[in-house]
Amino acid sequence: MAMTFSPAAHVRSLYPQPPANKPNSSKLLLSLRDGYSTSAKLASLSAASNYVKLQICARELAMKPLVKRSWKQRTGVFRCATIEEIEAEKSFIEADVKERMEKTIENVKSNFNSIRTGRANPAILDKVEVEYYGTPVSLKSIAQISTPDASSLLVQPYDKSSLKAIEKAIVNSDLGMSPNSDGEVIRLALPQLTAERRKELSKVVAKQAEEGKVAIRNIRRDALKSYEKLEKEKKLSEDNVKDLSNDLQKVTDEYMKKIESIYKQKEKELLTV
């Protein structure tokens, strides 16, 4: 009797197969590790980004002042100068005027003294400069100058080694004198001035006197500008400025007379034979 058999089963079906969607354990571990690494990297990048942002913010805060200044000018706020402040400014201007005018008088006198007259005067050597150890110095700072008589000068150096240099400086000056040295001192004989030379020197003195007067006028002009400035600042009234200008003119006239007096005296010395 013939037997019937059921359809043959596939050989692979005889063994249990893993589900098709079951993940592989090794791949799962790799995936988890890669995922953790990626998360860590993202977290690190995020932290670095936040740190950079904090650094930038801190730098910007350091560059900006904590207190914002306002440069808008206030309007309607005025402060009037006190009487003491106004008087102090006036006193300063007046003191400056007198100090500068006094220096002008001294300068005129110094210029006059350097001009030789018929009488011996140590001041005529004031502008003579000597080359002393490579440095130009005034003659009166390295030697004693005296007048033994009315027509001669005596120069005694503090340092005898400078004797030759002093002789050379006197010869090169415009004094027109010939030094006579004995190895210890230098004697200078003042030659008599000719009438023509006296007139020439008189013109030089007149020019120097005029320069002194111009300097006095300039000082007055500067003071007037200072007073006008105070008037514009409402610290002085127009009447105050007029009164101060009148006082200033009186001071100016006084110093002009001083220069004129000095000039007349010097002119007389020059023209006296």
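Bear in mind these aren't lab numbers, they're just calculated from the coordinates by the rules spelled out. These numbers were taken from a predicted model, which means no experiment stands behind them. Reconstructed Cβ throughout: ideal geometry from the backbone, glycine too, with neighbour counts over all protein chains shown.
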Residue by residue through the stretch 166-180, what is 3J(HN,Hα) from phi via Karplus (6.51 cos²θ - 1.76 cosθ + 1.60, θ = phi - 60°)? Round to whole Hz and write x for glycine and proline. 5, 4, 4, 5, 5, 5, 6, 6, 9, 7, x, 10, 10, x, 10
When the Karplus curve 6.51 cos²θ - 1.76 cosθ + 1.60 is applied with θ = phi - 60°, which whole-Hz ³J(HN,Hα) does each residue of the stretch 247-254 get, with x for Gly and Pro? 5, 5, 5, 5, 5, 4, 4, 4
Give me the percent of Cα-Cα pairs in the stretch 219-273 that sit more than 17 Å apart, rounded to a whole number. 52
May I ask you to derive the FRET efficiency for E85 and V214 from their Cβ-Cβ distance with R0 = 35 Å, giving the value to the nearest 0.05? 0.60
Hull surface over four for the Cα convex hull of the stretch 173-273, reported in nm², is 10.1
Sites Y133 and K103, calculated FRET efficiency, Cβ-Cβ separation with R0 41 Å, nearest 0.05: 0.85
Which entries of K109/K207; K109/K140; K103/K250; K140/K168; K140/K164; K103/K160 have Cα-Cα distances beyond 25 Å here? K103/K160
For the stretch 84-151, projected area of the alpha-carbon convex hull averaged over all directions, nm²: 7.5
Where does the charge balance sit around E94 when Lys and Arg score +1, Asp and Glu -1, over other residues with C-beta under 14 Å from its C-beta? -4
Can you tell me how much longer the chain between K242 and V171 gets when fully stretched, taken as 0.36 nm per residue apart minus their C-alpha distance, in nm with one decimal? 20.1 nm
Sketch the reach of a paramagnetic label on E196 as a point 7 Å from Cα along Cα-to-Cβ, and name the residues of the stretch 151-183 whose backbone nitrogen lies under 19 Å away. 174-177
Please report, in debye to the nearest 20, how large the charge dipole of the stretch 210-273 is about its Cα centre when each Lys and Arg carries +1 at its beta carbon and each Asp and Glu carries -1 there. 100
Per residue of the stretch 235-244, in order, report the coupling 6.51 cos²θ - 1.76 cosθ + 1.60 (Karplus, θ = phi - 60°) as ³J(HN,Hα) in whole Hz, putting x for Gly and Pro. 8, 10, 8, 4, 5, 4, 5, 5, 5, 5
